[in-house]
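Everything on this sheet refers to the single structure shown next.
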Amino acid sequence: MKEHWKNIPDYKGHYQISNLGNIKSLKQNTDKFLKPCNDGRGYYKIKLYMKGKVQQYKIHQLVAITYLNHKPDGYNIIVDHIDGNTLNNKLSNLQLISNRENTSKDKWKYNKTSKYTGVSFDNQGNRWKSGITSNKIYYNLGSFQYEIDASIEYQNALIYINKHDNLYAYNFKIKRRNKTINTDSKHIEIPQLSLIQ
């Protein structure tokens, strides 16, 4: 991949970053390549200086700010490493996704029974199950014979959450005896609501 450079926003004329995640200083009319250090959590970080102030950044965030027009906003939209390698800060390996998508992606690392988000295989029941969390409440969306059906139910619930911010009035399609509410470390069983098949 050919390397090209861009000025880092707010540091024009002082620092540039490349699409490969390399950084150089333009101070004193020279191109000085900077060496990032590991932050101890598996990410490369760098310190940038301007007008007597120093600011520390993670490399992947600087690439996203410069090339993807990313505006850090806490944990709503985050910069994700597509291949899971947090040291690979090439532009082609970065994407902007929601915190929910990132959490689901991370969970998949530990539960690789399904290729779909929100779906896992229940060995005991020999069926695919689907579930989703909204506002610290875990909703069991049911069990299914086919993996794709479990995924469709998850996607329908996700669309509803994005529109209403909860699942309180969601029209569950699968009948079941109860649903589990998971608030922090507490598990509370509540009676079945009137569900429509």
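The values are calculated or read from the model by the stated rules, or taken from the named source; none is laboratory data. Bear in mind the structure is a predicted one, so any value in this text is a computation, not a measurement. When we count neighbours, we look across all protein chains shown, and the Cβ atoms used for this are built from the backbone with ideal geometry, even at glycine.
Of the residues in the stretch 38-54, how many are of a type outside the set (A, V, I, L, M) and exposed (fewer than 10 other Cβ atoms within 10 Å of the Cβ)?
The number of residues fulfilling the criteria is 5.
Which condition number does ILE137 fail, the rest of (1) modelled with pLDDT of 80 or more; (2) of a type in the set (Val, Ile, Thr); (3) farther than 30 Å from ILE8 by Cβ being met?
(1)
Tell me, which residue of the stretch 114-134 that is of a type in the set (Phe, Trp, Tyr) and under 17 Å from ASN156 (Cα atoms) is surrounded by the most Cβ atoms within 10 Å (Cβ to Cβ)?
Out of the qualifying residues, it is TRP128.
Which of the residues that make up the stretch 1-37 are among the β-branched types (Val, Ile, Thr) and surrounded by 11 or more Cβ atoms within 10 Å (Cβ to Cβ)?
Within the stretch 1-37, ILE8, ILE17, ILE23 meet the criteria.
Quick one: which strands (runs of 3 or more DSSP E) sit completely within the stretch 112-158 and have at least 1 residues that are among the acidic types (Asp, Glu) and either touching a residue at least 40 places away in the same chain (Cβ under 8 Å) or farther than 20 Å from TYR168 by Cα (or both)?
The strands (runs of 3 or more DSSP E) meeting that bar are 119-122.
Would you point out which residue out of LYS71, LYS2 is under 30 Å from TYR154 (Cβ atoms) and of a type in the set (Lys, Arg)?
So the residue among LYS71, LYS2 that is under 30 Å from TYR154 (Cβ atoms) and of a type in the set (Lys, Arg) is LYS71.
Just name the residue that is modelled with the highest pLDDT out of those in the stretch 18-44 that are part of a loop (DSSP other than H, G, I, E, B) and more than 17 Å from VAL63 (Cβ to Cβ).
LEU26
In the stretch 36-47, is there at least one residue being touching a residue at least 24 places away in the same chain (Cβ under 8 Å), small (Gly, Ala, Ser), closer than 13 Å to LEU87 by Cα and in contact with a helix residue (DSSP H, G or I) (Cβ under 7 Å, 6 or more places away or on another chain)?
No, that holds for no residue.
Within the stretch 180-197, does at least one residue satisfy the condition of being at pLDDT 70 or above and loosely packed, with under 11 Cβ neighbours inside 10 Å?
no
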